[in-house]
Amino acid sequence: MKNLLTAFAALAMLASSASAQKAVQTGKGGGGSPHMKGEWTTNGANISIEYGSPYLKGRPEATLMPHGTEWRTGADQATVITSNKPLTFGTVTLAPGSYTINTLPGDKEWKLILGKLGKAGQWGVPYQPALEISRAPMKLGKTKAPVEQVTYSIDPSPTGGTLRIEWGTASVTSPFTVGK
């Protein structure tokens, strides 16, 4: 009976700590990539990510996600994450606010690059190292099936969540915690 109650309590905590993703298309870029906004609530944090979602269109993944080169991880404008609570990725804690997301693809792992948002509508290229705040590790895995468009999601956890980015056969993740 105690184990059953513990299991129910854990499920209730997980259910109350996160809600399903809400994603909407907010427009299209000049190159035709849809612009998306995903929203999540996890552990009291309201988190949104706005990004351009380019298509693979049969192009080689290595060309679009070159290893060893900083990438805006989307299309057109800079990819932006916004939260009303502090978020900690690796050793960096972001105060509530808006930040850019870039990545550094690699053969075995990626790096999540978090940066200051210089201005609203900031363009995603070229990479602006002066705005970089810090980097956190990302685990590289494979998608179950190829993903045609760049997709961001958050997988909830009891203390925060895991940021997931998928495109082609790449699935990269970075866990985070939510502060108070």
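The residue that is nearest to residue 121 (Cα to Cα), among those in region 32-77 that are aliphatic (A, V, I, L, M) and not in a strand (DSSP E or B), is 75. Quick check on my filter: what residues within region 26-53 are within 18 Å of residue 148 (Cα to Cα), in contact (Cβ under 8 Å) with a residue 40 or more places away in the chain and either surrounded by fewer than 20 Cβ atoms within 10 Å (Cβ to Cβ) or over 15 Å from the mean Cα position of the chain (by Cα) (or both)? Across region 26-53, the qualifying residues are 29, 31, 33, 34, 35, 38.
Scanning region 61-72 for residues that are modelled with pLDDT under 95, crowded, with 17+ Cβ neighbours inside 10 Å and of a type outside the set (A, V, I, L, M) turns up 71, 72. Candidates are the residues of region 156-180 that are at pLDDT below 95 and part of a strand (DSSP E or B); the one that is surrounded by the most Cβ atoms within 10 Å (Cβ to Cβ) is 156. Within region 130-150, the residues that satisfy the criterion of being over 11 Å from residue 170 (Cα atoms) and of a type in the set (Gly, Ala, Ser) are 130, 134, 136.
One residue is enough: does region 128-143 have a residue meeting the conditions within 17 Å of residue 21 (Cβ to Cβ), buried (at least 16 other Cβ atoms within 10 Å of the Cβ) and either small (Gly, Ala, Ser) or modelled with pLDDT under 95 (or both)? Among the residues of region 128-143, not one is within 17 Å of residue 21 (Cβ to Cβ), buried (at least 16 other Cβ atoms within 10 Å of the Cβ) and either small (Gly, Ala, Ser) or modelled with pLDDT under 95 (or both), which makes the answer no.
For region 77-110, the set of residues classified as under 20 Å from residue 54 (Cα atoms), surrounded by fewer than 22 Cβ atoms within 10 Å (Cβ to Cβ) and in contact with a Lys or Arg (Cβ under 9 Å, 6 or more places away or on another chain) consists of 104 only.
Of the residues that sit in region 111-127 and are within 16 Å of the chain's Cα centre (by Cα) and basic (Lys, Arg), which one is surrounded by the fewest Cβ atoms within 10 Å (Cβ to Cβ)? So, considering only residues that are within 16 Å of the chain's Cα centre (by Cα) and basic (Lys, Arg), the one surrounded by the fewest Cβ atoms within 10 Å (Cβ to Cβ) is 116.
The values are calculated or read from the model by the stated rules, or taken from the named source; none is laboratory data. Please read these numbers as outputs of a predicted model, since none were measured by experiment. Cβ: placed from backbone, ideal geometry, glycine included. Neighbour counts: every protein chain shown.
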